[in-house]
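The values are calculated or read from the model by the stated rules, or taken from the named source; none is laboratory data. Small disclaimer: the values here were computed from a predicted structure and weren't measured. Note that each Cβ is placed from the backbone with ideal geometry, even for glycine, and that neighbours are counted across all protein chains shown.
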Amino acid sequence: MGSPVLTLIAQRVALGILLLFAVSVLIFAGTQILPGDVAQSILGQDATPEAVANLRQELGLNDPAYARYFHWLGGVLTGDLGSTLTTRQEIAKTLMPRLWNTLFLAFWAAIVAVPLAIVLGLLAVRYRNGWVDKLISGLALASTSLPEFFIGYLLILSFAVTQQWLPAISTVYDGMPFFDKLKAIVLPATALVLVVLAHMMRMTRAAILNVMQSAYIETAELKGLSASAVIRKHALPNAVAPIINVVMLNLAFLIVGVVVVEVIFVYPGMGQYLVDHVVKRDVPVVQAVGLVFAAIYIGLNIVADVAAILANPRLRHPK
Amino acid sequence: MMVKVRTKPRREPDILLDIRNLKVEATVYSPGEKPRDVTIVDGVSLLLKRGKVLGLIGESGAGKSTIGLSSMGYGRGGVRITGGEVFLNGRDILKGGVRDLRRVRGSEVCYVAQSAAAAFNPALRLMDQVVEAALLHGVGAKAEAEKRAVALFTKLRLPDPKSIGCRYPHQVSGGQLQRVMTAMALCSEPDLIVFDEPTTALDVTTQIDVLAAIKDAIRDTGVAALYITHDLAVVAQVSDEIMVLRDGKMVEHGETQQIIKAPRMDYTKALVSVRSIEHEEKGPTPKPLLSVEHVTAAYGGGAVKVLQDVSVNVQPGQTLAVVGESGSGKSTLARAITGLLPPVAGSITFADRTLTPKLADRSKDDLRQLQMIYQMADVALNPRQTVRTIIGRPLEFYFGMRGKERDARVTELLDEIEMSKGFIDRYPAELSGGQKQRVCIARALAAKPKLIICDEVTSALDPLVADGILKLLLRLQKIEDVAYLFISHDLATVKAIADSIAVIYRGEVVRYGSKTQVLTPPFDAYTDLLLSSVPEMEVGWLEHAIHGRRMESAGN
């Protein structure tokens, strides 16, 4: 492994960290310009101005914005995300189980969606412009065109209401047996798979078809390789970088974009947590969740970049 | 599962390939028209004996590659074999299905492509690609195939034959890659190899090495070959017989000696006598038009020096040819003169005034008097503009011509480049390669320049078309009294057009003077190599040239 690869990877990671700091500023600034006053909303409309002023003092809301930012950032860097305004609980403690639940759901959705999308993409290329290709593309397009809440309710209607095979509400709790947990998330995971599948499948198909124009594909065909061997051995390795990119983008969506699906299935994940606290104007929680989402998003993109660098033989094996 | 026992029916021991009445068609989809079928190859028959080499020659579009690929039952990019028979080892391969064809490809017939750099998979090591077909068709186990590959690397005179297979394609030079590709074709011990312009993309000095390696390999392994090229001098070195093709039909077929020494058909005669332009060298003039003095140019902020202390002059109304192989700095010289790459040191004087190093600082008149023509006429023309707009643009920009006045001048210019008024409303896509280059020339002339820099303007063209362009350039020089700085890697072209020559090698001028001076011995080692590497239409030239060489080429 030559040094140019290490330099490139180090650059990507450094840029990612820089980006994360920039995002933290944006999140902080964004939550500051939200309308409404936290102290007022905690105490309610009937609170006396003195009580509101006291609470503001107590919460540190009277300090200048930059001081509050650095105070918050310092806490984040030492693992202290602050405490919720409304219930005075430590955010880190309430957030972690939620994060695990979201990751659990995203993991199982990804385990199904990624291989399925790539295999379907390969099949579509193998039988390109034939009925198999058109069927795969058509179904994928249909599933991606339906909004996720619609898919969610459709799934609930078919598998929880009409046929009562699966629960309509995906309740999970600590100490729940593993298989019960799996059963609980079948419907939300299916909804997520249907949402991300088409994007990954179509990008896989496009990336490989692009490579199929290359002269070395003709070389492989003229060696007498079968069509599927040509795609698998010669086209796929050269289409890895764009495929990884779209896979990572969708993995990020599975974690960051699950809000709607979690709310529909009342799944105790990050999305639900975020929505609950936005309603309550609980700014520290919104900041913390936003930062976690940003970190995951940037992290996955760094992974995609690094994987694309490693997939390039010109960078892996310099002259 | 992949390993199959090789069975090669051999009914007629002597005849390997027998193509009868081949017809190949393709469907053309031009915008705004109904799809129509065009015939690419029409009724071509050929016979190839075991161990013999047949050269297929013709210009682009003659159907050479299509015929070569039909011996593998392959149609490139939607091309269909619609008629005729292809007997290989005594059976018609077009009769069987795809499975039968796959058994032929890579086992009985192998293919060597024009651009090995594009034909190798960039993601796989060379060795894996070289032995792939042999393993697929069960020609021995992996260890055995790799041993054979190393032996072939040695035979093809590749450096480091034991370990070169561990490299990736981008780690090996173009000339070496072309030889690895030949080894790949030979590795599955086929009966026939289709060589499709294997040396066309290489420098002359590299071409000769690859050509010699291919020739030795053919001789030693006894494989038969179809050798496809547009260069008659190249094909004369390797083939026993030559077939001349034009527009998908056979023009002439005969022994190599007969085709190059006593061609019967007019078209073959034209191909043989190509590049026989007689150009009388002009004498020196009191004052040069362009004077490049001690110019050093570099890329990457001075990190990579591409030109070192280059000094050359161009006389008014004359042609200076700059010759060298790829990477020698020829085009960088053009970029330095035009101001696209400001030189690190040195000065450039043009028509009695010193040019500013940067393009942005130059006056409109400086820009007008110094025009450029490029190698790829295709990409130098805006595909969405008509010929009228393309040639009219410099007339508007430099002379403020509008409407009828401009159109009249465009027609005049079209006349000068031997194209009729009917072309004025055509788009570049509706022109042939030669016509596009002519439009580029007209566009340069429209500015009434004193100097035109021609960067490999004939390299992408077929020999006969290139000849036409050279003749046109010479005629225009007489009429317009314009000077040319003619950049080329092709000495035959340079001989035809130059008044003085500068030979450039790794960024330095190694020989400079009038054409006669430069081309008269005694030569320096590099000029000698360059001159002796240009293929001559003479059977046995290759062996003679290899034997008499004094230095190795730089970039193979």
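Is it true that B:LYS282 is in contact with a strand residue (DSSP E or B) (Cβ under 9 Å, 6 or more places away or on another chain), surrounded by fewer than 18 Cβ atoms within 10 Å (Cβ to Cβ), modelled with pLDDT under 90 and at negative phi?
yes
So, B:ALA113, is that one buried (at least 16 other Cβ atoms within 10 Å of the Cβ), under 31 Å from the mean Cα position of the chain (by Cα), on the phi < 0 side of the Ramachandran plot and facing chain A (nearest Cβ under 7 Å) or not?
It is true that B:ALA113 is buried (at least 16 other Cβ atoms within 10 Å of the Cβ), under 31 Å from the mean Cα position of the chain (by Cα), on the phi < 0 side of the Ramachandran plot and facing chain A (nearest Cβ under 7 Å).
Out of A:ALA241, A:ALA235, I need the residue that is at pLDDT 90 or above and of a type outside the set (Asp, Glu). Which one?
So the residue among A:ALA241, A:ALA235 that is at pLDDT 90 or above and of a type outside the set (Asp, Glu) is A:ALA235.
For A:TYR216, which of the numbered conditions (1) at the interface with chain B (Cβ under 9 Å from one of its Cβ atoms); (2) within 22 Å of the chain's Cα centre (by Cα) fails to hold?
Exception for A:TYR216: condition (2).
State all residues of region B:197-227 that are in contact (Cβ under 8 Å) with a residue 60 or more places away in the chain and farther than 22 Å from B:GLU325 by Cα; if no residue qualifies, say none.
B:LYS215, B:ASP216, B:ALA217, B:ILE218, B:ASP220, B:GLY222, B:VAL223, B:ALA224, B:ALA225, B:LEU226, B:TYR227
Here is a list of conditions, (1) modelled with pLDDT under 90; (2) more than 18 Å from B:VAL194 (Cβ to Cβ); (3) more than 9 Å from every other protein chain (Cβ to nearest Cβ), and B:ALA145 meets all of them except one; can you say which number that is?
Checking B:ALA145 against (1) modelled with pLDDT under 90; (2) more than 18 Å from B:VAL194 (Cβ to Cβ); (3) more than 9 Å from every other protein chain (Cβ to nearest Cβ), the one that fails is (1).
Take the residues in region B:83-110 that are free of Cβ contacts under 8 Å to residues at least 24 places away in the same chain and more than 9 Å from chain A (Cβ to nearest Cβ), then tell me which one is nearest to B:TYR168 (Cα to Cα).
B:ASP100
Out of the residues in region A:242-289 that are part of a helix (DSSP H, G or I) and charged (D, E, K, R), state the one that is nearest to A:LEU43 (Cα to Cα).
A:ASP276
Can you name the residue in region A:222-253 that is over 30 Å from the mean Cα position of the chain (by Cα) and closer than 18 Å to B:ARG125 by Cα and is also farthest from the other protein chains (Cβ to nearest Cβ) among such residues?
The qualifying residue farthest from the other protein chains (Cβ to nearest Cβ) is A:VAL230.
Hey, does region A:169-180 have a residue that's more than 20 Å from A:LEU103 (Cα to Cα) and touching a residue at least 40 places away in the same chain (Cβ under 8 Å)?
no
Residue by residue, here is whether (1) exposed (fewer than 14 other Cβ atoms within 10 Å of the Cβ); (2) closer than 30 Å to B:THR354 by Cα; (3) modelled with pLDDT under 90; (4) in contact with a Phe, Trp or Tyr (Cβ under 9 Å, 6 or more places away or on another chain) holds:
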{"position": "B:HIS230", "(1), (2), (3), (4)": "no, no, yes, no"}
{"position": "B:ASP240", "(1), (2), (3), (4)": "no, no, no, no"}
{"position": "B:ILE259", "(1), (2), (3), (4)": "no, no, yes, no"}
{"position": "B:THR268", "(1), (2), (3), (4)": "no, no, yes, no"}
{"position": "B:ARG275", "(1), (2), (3), (4)": "no, no, yes, no"}
{"position": "B:GLN318", "(1), (2), (3), (4)": "no, yes, no, yes"}
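Which ones in region A:78-130 are among the β-branched types (Val, Ile, Thr) and touching a residue at least 60 places away in the same chain (Cβ under 8 Å)?
A:THR84, A:THR86, A:ILE91, A:THR94, A:THR102, A:VAL112, A:VAL114, A:ILE118, A:VAL125
Which of the residues that make up region B:422-433 are free of Cβ contacts under 8 Å to residues at least 40 places away in the same chain and in contact with an Asp or Glu (Cβ under 8 Å, 6 or more places away or on another chain)?
Matches in region B:422-433: B:ILE424 only.
As an exercise: evaluate B:LEU135 against (1) in contact with a strand residue (DSSP E or B) (Cβ under 9 Å, 6 or more places away or on another chain); (2) more than 21 Å from A:ALA215 (Cβ to Cβ) and give the number of the one condition it does not meet.
Tallying (1) in contact with a strand residue (DSSP E or B) (Cβ under 9 Å, 6 or more places away or on another chain); (2) more than 21 Å from A:ALA215 (Cβ to Cβ), B:LEU135 fails exactly one: (1).
Only one residue in B:LYS49, B:LYS64 is more than 9 Å from chain A (Cβ to nearest Cβ) and modelled with pLDDT under 90, so which one is that?
B:LYS64
With the requirement that a residue be within 20 Å of B:MET372 (Cβ to Cβ) and in a helix (DSSP H, G or I), what does region B:476-522 give you?
Scanning region B:476-522 gives B:LEU476, B:GLN477, B:ILE479, B:GLU480, B:THR493, B:VAL494, B:ILE497.
For region A:284-315: of the residues being more than 30 Å from A:THR87 (Cβ to Cβ) and among the small types (Gly, Ala, Ser), which is surrounded by the most Cβ atoms within 10 Å (Cβ to Cβ)?
A:ALA304
So which residues in region A:199-213 are of a type in the set (Val, Ile, Thr) and either free of Cβ contacts under 8 Å to residues at least 24 places away in the same chain or away from chain B (no Cβ under 14 Å) (or both), if there are any at all?
A:THR204 - this is the single residue of region A:199-213 that is of a type in the set (Val, Ile, Thr) and either free of Cβ contacts under 8 Å to residues at least 24 places away in the same chain or away from chain B (no Cβ under 14 Å) (or both).
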